[in-house]
Amino acid sequence: MFSKTCEYAIRAMIYIAQQTRDGSRVGIKQIAAGIDSPEHFIAKILQELSRKGLVESMKGPTGGFYLEKASLNRSLADIVTAVDGDQLFQGCGLGLKQCSETNPCPIHFKFKKVRKEVQTMLEQAKLGAFIDKLDRNETFLKRSDLFMNKK
């Protein structure tokens with residue numbers, strides 16, 4: 001449903017929210033390891049998210065990425081839109097440019113309903129809401145965590 005870039009962006013933002021809630025900062029190496037992402041790829045993604053104001057960064061020996069308290073209220077929809085645009089919330093389920101209310105594709109009306117439900121879910125999912133679930137191991141951000149939590 002999301003691009004690979006968007007998947008990594010969402011996971012990174014949740015990880016940063018969890019790791020920096022005490023005011024600390026987290027570096028690229030730690031983020032990449034924490035979400036099972038290639039370092040260079042997540043660095044580019046976070047640079048772009050920083051430019052767009054979704055994540056803060058500080059250079060230097062005590063630098064890294066972090067979120068301001070207010071950013072914990074950002075939704076997953078904000079991240080999706082910043083990375084992938086609004087195509088998920090606006091586009092045709094079959095990718096047709098001419099699909100519309102007056103010229104619908106075969107799945108237009110059913111997909112419109114699903115698209116709205118996904119948008120609502122992502123708008124209601126706030127970054128800060130995932131922190132406690134991660135701490136309690138009720139959810140995970142990388143594949144190896146899934147197997148570790150099953151023990």
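Values in this text are rule-based calculations from the coordinates and carry no lab data. Every value quoted in this text rests on a predicted model; they were computed, and no experiment measured them. When we count neighbours, we look across all protein chains shown, and the Cβ atoms used for this are built from the backbone with ideal geometry, even at glycine.
Summary table below
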{"quantity": "Stretch gain in nm, segment Gln30-Gln47, where the contour uses 0.36 nm per residue and the Cα spacing is subtracted", "calculated": "4.6 nm"}
{"quantity": "Dimensions (Å) - the chain, Cα atoms, principal axes, largest first", "calculated": "57, 39, 28"}
{"quantity": "Acute angle (nearest 10 degrees) that the helix 4-19 long axis makes with the longest principal axis of the chain, alpha-carbon atoms", "calculated": "40"}
{"quantity": "Inter-label distance for Ile107 and Thr120, nm, one decimal - labels placed 7 Å from Cα along Cα-to-Cβ", "calculated": "2.0"}
{"quantity": "Region 1-62 versus region 72-102: alpha-carbon centroid distance in Å", "calculated": "22"}
{"quantity": "Helix 108-124 axis, angle to the chain major axis (alpha carbon atoms, nearest 10°)", "calculated": "20"}
{"quantity": "Sites Lys69 and Lys97 - FRET efficiency at Förster radius 35 Å, r taken between beta-carbons, to 0.05", "calculated": "0.25"}
{"quantity": "Cysteines without a disulfide-compatible partner [the chain; Cβ-Cβ under 4.7 Å]", "calculated": "Cys6"}
